Amino acid sequence: MNSQNNYHRYLNIPDYVPSIDISKINTEGLDWIKFHRSIDLESLNNPKITKWLQSLGLATFWVEQFYTPENDASIIHSDTPNWENWSKIIYQFSAKGSTMRWWSSDNIEIIESSYGHPFIHAQEKNSKLEYEVEISQPSLLNVGPLHSSYNPTNEKRFTVTIALFYPDGTRVLWDDALRILKDYVE
């Protein structure tokens with residue numbers, strides 16, 4: 001892996017992993033877009049996560065759960081309305097062999113969302129794959145560039161992301177997250 005990529009880093013955080021029973025998650029008739037859920041930190045069933053974030057001078061106000069069906073992919077999108085390099089921690093619970101992909105595109109659309117701001121979207125046919133990595137352990141993601149999940153397996157893919165914030169509500173950007181989490185980055 002190119003250690004200088006601006007998209008992904010593995011994290012060594014075995015004590016700060018959610019404890020979620022994915023067997024109880026209902027996905028009947030749902031795809032990536034229809035499944036998206038905001039959840040609270042308590043739903044992660046690991047109070048060490050909050051204490052750890054606080055010890056680093058971090059907080060979160062946005063925890064999400066995602067599902068990518070078998071042999072499917074999410075839409076290509078940026079989490080931000082203005083290409084800021086927002087950072088998130090991701091945990092994957094199933095579908096070993098599935099990946100995250102980062103893209104570039106000169107043909108984007110702005111779509112209104114239920115998240116409180118518009119987001120940037122692109123079609124795969126109009127995009128160039130820039131980087132791809134298996135999320136085989138907890139990881140730090142840059143969700144400002146266009147990205148998507150890809151699940152080529154025959155198993156449902158479940159992930160949880162923790163958006164990184166400072167306690168004042170300001171988003172933690174990629175370079176700052178790398179600096180703050182340097183002792184955990186592999």
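Picking from Glu84, Glu130, which residue would you name as being under 21 Å from Asn5 (Cβ atoms), in contact (Cβ under 8 Å) with a residue 40 or more places away in the chain and not in a strand (DSSP E or B)?
Glu84
Can you name the number of the only condition in (1) outside any strand (DSSP E or B); (2) hydroxyl-bearing (Ser, Thr, Tyr); (3) at pLDDT 95 or above that Tyr91 fails?
Every condition holds for Tyr91 apart from (1).
What pairs come out if I take residues in region 61-76 that are closer than 18 Å to His121 by Cα and of a type in the set (Asp, Glu) and pair them with residues that are modelled with pLDDT of 90 or more and surrounded by 17 or more Cβ atoms within 10 Å (Cβ to Cβ) whose C-beta lies under 7 Å away, six or more apart or interchain?
Asp72/Asn151
Step by step: first the residues of region 112-141, then only those that are of a type in the set (S, T, N, Q) and closer than 19 Å to Trp32 by Cα, then the one that is modelled with the lowest pLDDT. Which residue is that?
Among residues in region 112-141 that are of a type in the set (S, T, N, Q) and closer than 19 Å to Trp32 by Cα, the one modelled with the lowest pLDDT is Ser114.
Output the number of the condition that Glu109 fails; it satisfies all remaining conditions of (1) within 17 Å of the chain's Cα centre (by Cα); (2) modelled with pLDDT under 95; (3) surrounded by 12 or more Cβ atoms within 10 Å (Cβ to Cβ).
(1)
Can you confirm whether region 26-41 contains a residue that is assigned to a loop (DSSP other than H, G, I, E, B), more than 18 Å from the chain's Cα centre (by Cα), surrounded by fewer than 17 Cβ atoms within 10 Å (Cβ to Cβ) and among the hydroxyl-bearing types (Ser, Thr, Tyr)? It would help to see each step written out before you state the result.
Filtering region 26-41 down to residues assigned to a loop (DSSP other than H, G, I, E, B) leaves 26-31, 36, 40.
Still in the list and also more than 18 Å from the chain's Cα centre (by Cα): 26-30.
Still in the list and also surrounded by fewer than 17 Cβ atoms within 10 Å (Cβ to Cβ): 26-30.
This time we only want the ones that are among the hydroxyl-bearing types (Ser, Thr, Tyr), so: 27.
Yes, because at least one residue in region 26-41 is assigned to a loop (DSSP other than H, G, I, E, B), more than 18 Å from the chain's Cα centre (by Cα), surrounded by fewer than 17 Cβ atoms within 10 Å (Cβ to Cβ) and among the hydroxyl-bearing types (Ser, Thr, Tyr).
The values are calculated or read from the model by the stated rules, or taken from the named source; none is laboratory data. No experiment lies behind these values; they were computed from the predicted model shown. Don't worry about glycine lacking a Cβ; one is built from the backbone with ideal geometry, like all the others, and counts go over all protein chains shown.
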